[in-house]
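**Q** What follows is a single structure, and I will ask about it in a moment.
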Amino acid sequence: MIKSVLQSVAAKRERILTHSASSASFKKSFQQNVLRHGRFSGALSSFSTAPDGSSPEVAVQLDYYMSLQFAGVACALVNDVYQAKGINNLQFLPTCPVGLEASRVRSFQNAHPTTMATFGSVEQNIFTPILAKDPSLNVTAVASMFRRSPLCIASLGPLKPGDTIGAHEDTVELLQRIFPEQKVVASPRGTKNTDLLEGTYAGIQAYTTTEVPALQHILSGQGMDPESLHVEVLEDDIDGPKLGYSQMLFASNESLGSPDHRQTSTAFLEGTFEGWQHAISNPSEAIEAVSEAQKMLQLDDESNDHWHSSLTFQKEMMDRMNDHVKETFLGDCLGVLSPSRWSEANGWLLENKKDVDPMLGLDSTNLWQPKVS
């Protein structure tokens with residue numbers, strides 16, 4: 001089973017890389033911008049991070065600080081891909097507290113009704129339970145940067161009954177369901193690695209793409225075996241929890257309304273996944289793009305301890321991110337949501353509640369679908 005999954009992922013990877021020639025102009029522009037300016041060009045004129053009295057064409061609420069998990073967005077931003085798609089005023093909203101992504105998108109769209117599209121990113125395991133509780137949020141999932149969740153529990157040894165797990169506030173209930181023999185408590189997400197290493201918690205909510213490689217580098221630096229880190233991945237595509245998509249992109253329902261709104265929304269998605277295609281083909285440039293986007297956006301990083309200050313770590317993290325993105329490739333594009341996968345995850349997340357549509361939250365208008373099967 002594992003071999004067949006790996007073969008399937010490898011096949012998708014090859015199909016994506018055959019598209020790399022189409023990104024040649026993207027790469028040439030990227031290199032010209034660096035050579036001409038000594039840094040990345042223009043996007044400073046096409047984005048903002050705070051309201052200035054006017055409404056942007058597109059607003060984006062990331063569910064975390066700008067980092068390598070948003071490398072595709074960064075590549076599109078710093079190289080003016082969004083602007084080339086006709087988006088001349090793009091606003092990134094401030095770093096969002098956990099679990100408030102949909103609420104922030106709804107509030108912004110309500111306050112800025114002339115904004116053509118308001119997007120957010122979040123995990124399906126957060127999105128659909130919140131939407132089930134509050135349908136008035138009027139938001140819809142349209143695409144995803146990761147096909148599956150890298151959510152895991154990291155610990156310095158196997159967890160024992162009664163051990164305490166530190167988790168993000170919006171994930172406590174979910175993890176308690178998965179780990180009934182342990183006690184799951186809300187903890188600060190900015191200090192989770194330190195909390196684990198100092199013994200504040202026996203385990204922490206982590207991600208195989210971020211905290212896990214950071215912790216392994218830290219342990220190695222302390223003369224310890226990095227493989228001593230115990231990592232329990234929560235979803236394996238075989239059995240167990242069904243968490244669905246991660247880094248899922250959702251939009252206000254207004255964004256899917258009129259042809260003008262849909263055109264703008266499609267342009268944002270095209271730019272984002274062209275950015276990801278570039279990140280996959282050129283991971284070193286993607287790392288540079290994220291660094292530049294961090295300077296441009298100046299979003300709060302919460303002084304978090306999730307990183308390790310080495311290029312080796314960044315490359316490893318970038319490779320892990322890209323591997324997740326490749327899995328979303330279907331037909332001729334990245335980021336495609338599968339109705340069967342979506343409904344399967346919703347069934348598990350909502351505990352198969354009979355009064356809830358298993359397609360809850362999924363775009364029924366097919367905004368982002370492959371043109372070829």
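The values are calculated or read from the model by the stated rules, or taken from the named source; none is laboratory data. Note that the coordinates shown come from a computational prediction; the quantities given were computed from them, not determined experimentally. Positions of Cβ are generated from backbone atoms using ideal geometry, with glycine treated the same way; all protein chains shown enter the neighbour counts. Heads up: the accessible areas ignore ligands, DNA and RNA and are worked out on the full protein's heavy atoms, side chains in. Shrake-Rupley method; radii C 1.70, N 1.55, O 1.52, S 1.80 Å.
**Q** Could you please tell me which pairs satisfy a Cβ distance under 7 Å, a separation of 6+ or placement on different chains, a first residue in the range 168-180 that is within 21 Å of Asn193 (Cβ to Cβ), and a second residue that is assigned to a helix (DSSP H, G or I) and open to solvent by 20 Å² or more (accessible area, probe 1.4 Å)?
**A** From the range 168-180, the pairs are His168/Arg189.
**Q** Can you give me the number of residues within the range 258-277 that are closer than 20 Å to Phe127 by Cβ and either assigned to a loop (DSSP other than H, G, I, E, B) or in contact with a Pro (Cβ under 7 Å, 6 or more places away or on another chain) (or both)?
**A** Total meeting the criteria: 0.
**Q** Mind telling me which of the residues Leu175, Leu249 ends up being buried (at least 20 other Cβ atoms within 10 Å of the Cβ) and part of a strand (DSSP E or B)?
**A** Leu249 is the lone residue from the list that is buried (at least 20 other Cβ atoms within 10 Å of the Cβ) and part of a strand (DSSP E or B).
**Q** Among the residues of the range 61-81, how many are open to solvent by 10 Å² or more (accessible area, probe 1.4 Å) and small (Gly, Ala, Ser)?
**A** Number satisfying all stated conditions: 0.
**Q** Within the range 234-246, take every residue that is open to solvent by 10 Å² or more (accessible area, probe 1.4 Å) and on the phi > 0 side of the Ramachandran plot and give me the one that is modelled with the lowest pLDDT.
**A** Asp237
**Q** Sticking with this structure for a sec: List the pairs whose first member sits in the range 99-114 and is farther than 20 Å from Arg262 by Cα, whose second member is surrounded by fewer than 17 Cβ atoms within 10 Å (Cβ to Cβ), and whose Cβ atoms are under 8 Å apart, counting only residues at least 6 apart or on separate chains?
**A** Gly99/Glu169
**Q** Give the residues of the range 126-177 that are among the acidic types (Asp, Glu) and out of contact with any Lys or Arg (no Cβ under 8 Å at 6 or more places or on another chain), sorted by residue number.
**A** Selection gives Asp134, Glu169, Asp170, Glu173.
**Q** Still on this model: Is it the case, given these coordinates, that His278 is in contact with an Asp or Glu (Cβ under 8 Å, 6 or more places away or on another chain), farther than 15 Å from Val78 by Cβ and modelled with pLDDT of 95 or more?
**A** no
**Q** Follow-up. From Val231, Val212, Val184, grab the single residue that is of a type in the set (A, V, I, L, M, F, W, C), surrounded by fewer than 18 Cβ atoms within 10 Å (Cβ to Cβ) and within 22 Å of Tyr64 (Cβ to Cβ). Working first, answer last.
**A** Working: Val212 fails: surrounded by fewer than 18 Cβ atoms within 10 Å (Cβ to Cβ); Val184 fails: surrounded by fewer than 18 Cβ atoms within 10 Å (Cβ to Cβ).
Testing whether each residue is of a type in the set (A, V, I, L, M, F, W, C), surrounded by fewer than 18 Cβ atoms within 10 Å (Cβ to Cβ) and within 22 Å of Tyr64 (Cβ to Cβ) leaves just Val231.
**Q** Output the residue which, of all residues in the range 58-97 that are in contact with a Ser or Thr (Cβ under 6 Å, 6 or more places away or on another chain) and of a type in the set (Phe, Trp, Tyr), is modelled with the highest pLDDT.
**A** In this case the residue turns out to be Phe92.
**Q** Residues to consider are Ser48, Ser55; find the one that is touching a strand residue (DSSP E or B) at 6+ places or on another chain (Cβ under 9 Å), among the polar types (S, T, N, Q) and at pLDDT below 85.
**A** Matching residue, one of Ser48, Ser55: Ser48.
**Q** Of the numbered conditions (1) of a type in the set (S, T, N, Q); (2) under 18 Å from Ser252 (Cα atoms); (3) over 12 Å from the mean Cα position of the chain (by Cα), Ser155 fails exactly one; give the number of that condition.
**A** With respect to (1) of a type in the set (S, T, N, Q); (2) under 18 Å from Ser252 (Cα atoms); (3) over 12 Å from the mean Cα position of the chain (by Cα), Ser155 is out only on (2).
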